[in-house]
1. Sort out which residues of segment 171-196 are loosely packed, with under 13 Cβ neighbours inside 10 Å and more than 41 Å from the chain's Cα centre (by Cα), and write them in order of number.
2. Taking the options THR286, THR356, name whichever one is under 45 Å from the mean Cα position of the chain (by Cα) and either of a type outside the set (Ser, Thr, Tyr) or open to solvent by 70 Å² or more (accessible area, probe 1.4 Å) (or both).
3. Looking only at segment 358-379, decide whether some residue is touching a helix residue (DSSP H, G or I) at 6+ places or on another chain (Cβ under 6 Å) and at pLDDT 95 or above.
4. Could you check how many residues of segment 37-60 are outside any helix (DSSP H, G or I) and in contact with a helix residue (DSSP H, G or I) (Cβ under 6 Å, 6 or more places away or on another chain)?
5. Taking segment 159-170 on its own, how many of its residues are open to solvent by 50 Å² or more (accessible area, probe 1.4 Å), free of Cβ contacts under 8 Å to residues at least 24 places away in the same chain and within 19 Å of ILE120 (Cβ to Cβ)?
6. Exactly one condition in (1) at pLDDT 85 or above; (2) open to solvent by 40 Å² or more (accessible area, probe 1.4 Å); (3) more than 19 Å from PHE132 (Cα to Cα); (4) assigned to a helix (DSSP H, G or I) is not met by HIS19; state its number.
7. May I ask you to say which residue of THR199, THR228, THR275 is under 35 Å from the mean Cα position of the chain (by Cα) and surrounded by 13 or more Cβ atoms within 10 Å (Cβ to Cβ)?
8. Tell me which residues, restricted to segment 233-251, are out of contact with any helix residue (DSSP H, G or I) (no Cβ under 7 Å at 6 or more places or on another chain) and open to solvent by less than 30 Å² (accessible area, probe 1.4 Å).
Amino acid sequence: MSSAASLLQGQGSNSAIAHAARLPLEVLQRRVGQRRHMLAVQGVSYALITSVLLVYCYAGTIPIIIPSAYFLSGIGLLSVFVVLSEAHFNDRFEDHYLTIFQVAGHLALQICFLLAAPQIGFVFLSVVFLIFGFGALRMTSQQAIISWTLTMIGLAPIFLFSSTPIGLPITTQTERVAAMLSFVLTIGQCAFVGLYGSTMRKMLYDRSFELKAAYKRIEELAELDELTGASNRRCIMRMLEEEIARATRGGSPCSIALIDLDWFKRINDAYGHPTGDEVLRTFSITMFANIRSVDRFGRYGGEEFLLVLPDMDAGQAMRALDRLRAIIAELDWSAFSPGMKVTMSAGVATLNSNETSDTFLARADSALYAAKAQGRNRITSA
């Protein structure tokens, strides 16, 4: 049976069924709730249609057995799907609503009662539209074709090879009331289907918006250093490449600075790694507060940071870095521990024509090494 279900519902392989069986508990519970809601709506629909049949029964158009059998048959069919749903049989399939099987079952029921009571056949034919209305909310194109084919196979013999008249009795006032109720209830249920579809579209739109926001947040987190909030190495290197390409195209200057916190290992050893982490965070916040909006700042590794300075020549970059050096040195680091002092050294390089990022960084690194060799807390240029 599972292979037939897979064929009708477009299952790719048994792996899809196995995957559905491993769904988290909260997903399975949400699916069951959705199916309960849908089956409850179908139960109400059968009750409304039965009420129309009872009016026809009161008018003497049909015997009482027709509305009784219709209601019991409809509820019985729904009970089958309720049992399957509560047993989580549906969750073996990608289409956990078993849409095509529900459509086929309800269509078969309407055709049977169309043959049993053709004098009010239009009532059962109108239900066919409701069935397809509900089914269209869930069916794939393949399922829609299969359902349409099954419906055609079921109805064609009745219309083409049978002389049984399909009636719309409106002879008496009671029959007119029944006909009016049938149309009113059918239109009302169609409107409900449309409203339900609109609600589903809104829900999907909201979820799509939430997913986009979550994806954007994930992208942001993937590009940020978790400790400092600065761009991580992969991100700052991409930004460097972009600025190099922009400067090359436009002929504008571009400078970079490799920055190192002086004697940072001693800070970790003397005050502990949690304090060292706070120093890194405070340094990053201070840098962000004192650079331009077009500048790019990221953690290059450990206590080393890379600052990309678009449209700055060597002289401008040296002055900017010396200002930042003074700001860092003048911060009240004793708030973390009495007597603590934190300084920085930086190597500055300005882009040469046709220079790659590797050589560009190598020159900045050489300048940083020279700053350390000269006593730290200073800025040198390549």
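1. Selection gives THR171, THR172, GLN173.
2. On the way: THR286 fails: either of a type outside the set (Ser, Thr, Tyr) or open to solvent by 70 Å² or more (accessible area, probe 1.4 Å) (or both).
One residue alone meets the criteria, THR356.
3. As a first pass, look at segment 358-379 and keep what is touching a helix residue (DSSP H, G or I) at 6+ places or on another chain (Cβ under 6 Å): 378-379.
Of the ones still in play, those that are also at pLDDT 95 or above are 378-379.
Checking segment 358-379: at least one residue is touching a helix residue (DSSP H, G or I) at 6+ places or on another chain (Cβ under 6 Å) and at pLDDT 95 or above.
4. Taking segment 37-60 first, the residues outside any helix (DSSP H, G or I) are 60.
Cutting the leftovers down to in contact with a helix residue (DSSP H, G or I) (Cβ under 6 Å, 6 or more places away or on another chain) gives us none.
Of the residues in that region, 0 qualify.
5. Residues that pass the stated criteria total 3.
6. That leaves (1) as the condition not met.
7. Working: THR199 fails: surrounded by 13 or more Cβ atoms within 10 Å (Cβ to Cβ); THR275 fails: under 35 Å from the mean Cα position of the chain (by Cα).
Criteria check complete, one pass: THR228.
8. Once the filter is applied, which keeps residues that are out of contact with any helix residue (DSSP H, G or I) (no Cβ under 7 Å at 6 or more places or on another chain) and open to solvent by less than 30 Å² (accessible area, probe 1.4 Å), segment 233-251 yields CYS235, ILE236, GLU243, ALA247.
The values are calculated or read from the model by the stated rules, or taken from the named source; none is laboratory data. Predicted model only: the values in this text are computed from it and were never measured. Please note: Cβ atoms are built from the backbone with ideal geometry, for glycine as well, and neighbour counts cover all protein chains shown. What goes into the accessible areas is simple: the full protein's heavy atoms, side chains included, and nothing from ligands, DNA or RNA. Shrake-Rupley method; radii C 1.70, N 1.55, O 1.52, S 1.80 Å.
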